[in-house]
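K.L.:
After the structure tokens below, expect a handful of questions from me.
The values are calculated or read from the model by the stated rules, or taken from the named source; none is laboratory data. What you see is a predicted model; the values in this text were computed from it and never measured. Cβ sites come from the backbone with ideal geometry, for glycine too, and all protein chains shown count toward neighbours. Surface accessibility is based on the protein's heavy atoms, side chains included, excluding ligands, DNA and RNA. Shrake-Rupley method; radii C 1.70, N 1.55, O 1.52, S 1.80 Å.
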Amino acid sequence: MPNTDAPAATPRRDQIRREAARLFAARGFLGVGVDEIGKAVGISGPGLYRHFPGKDAMLADLLVGISERLLDEGRRRAEEASDATAALDALIRGHIDFALDDQDLITLHDRELLHLKDEDRHRVRRLQRSYVELWVAVVRRAFPAPSALAEEPGARAAVHAVFGLLNSTPHSAGQRGAQPTLDRDTIAALLHRLALGAFSAAAGPDGHAR
């Protein structure tokens, strides 16, 4: 459930979130000071304490918040879908939006979870597990027996593999180099095809999405 004890969102608080996420992702949680976050949003470091009790609270707000958002949005998409195949498609599209629009938060999830207080870290882990379980249930319905994804271990392995694909591809696809970077719609369409293809391949020759 959303954290009803958290302060209400404000434009300044959202600005602090964005800049903290950007700085933490770029240089690491331990490499960024409160004064630097304050400078990025145009207020003094101590002024940040009117919005967050401290730097660790900013990190907790970011990681708990995105975990709640992913789970709530995933549940909504799955519940509103007409069948299991549509639910899986909706989950994929929703996670692609996350992967493309919240790359800093993906980095924080991968790298900075250990810096959370125990209570906040356990909360994030619980939310992450619930999100995975949602996907596993949908995949098993979308690829019933005799598919290799009909059983829990196969579905779980496939879900984690697809998460790895969706979470990592935007970073490499968006890097500037010898080749032009891809636009967002092109990357989104590519990720969608790859994710569906990965599930279909994992399902085996007898598997099919219902």
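K.L.:
Select from the stretch 85-126 the residues that are farther than 18 Å from L166 by Cα and among the hydroxyl-bearing types (S, T, Y) and list them in ascending order.
P.N.:
Listed by number, the list holds a single entry, T85.
K.L.:
To continue, here is another question. Where the second residue is of a type outside the set (V, I, T) and the first is assigned to a loop (DSSP other than H, G, I, E, B) and lies in the stretch 28-50, which pairs have Cβ atoms under 7 Å and are six or more apart or on separate chains?
P.N.:
Once the first residue is assigned to a loop (DSSP other than H, G, I, E, B) and sits in the stretch 28-50, its partners that are of a type outside the set (V, I, T) give V32/L23; V32/F24; S44/G38; G45/D35; G45/G38.
K.L.:
Next up: Counting only residues that are over 12 Å from A202 (Cβ atoms) and among the hydroxyl-bearing types (S, T, Y), how many does the stretch 116-162 have?
P.N.:
Residues in the stretch 116-162 being over 12 Å from A202 (Cβ atoms) and among the hydroxyl-bearing types (S, T, Y): 2 in total.
K.L.:
Name the residue that is most open to solvent (accessible area, probe 1.4 Å), counting only residues in the stretch 179-202 that are farther than 21 Å from R140 by Cβ, touching a helix residue (DSSP H, G or I) at 6+ places or on another chain (Cβ under 7 Å) and assigned to a helix (DSSP H, G or I).
P.N.:
R184
K.L.:
Can you name every residue in the stretch 111-135 that is assigned to a helix (DSSP H, G or I) and touching a residue at least 40 places away in the same chain (Cβ under 8 Å)?
P.N.:
Result: R111, L113, H115, D120, R123, V124, L127, Q128, S130, Y131, L134, W135.
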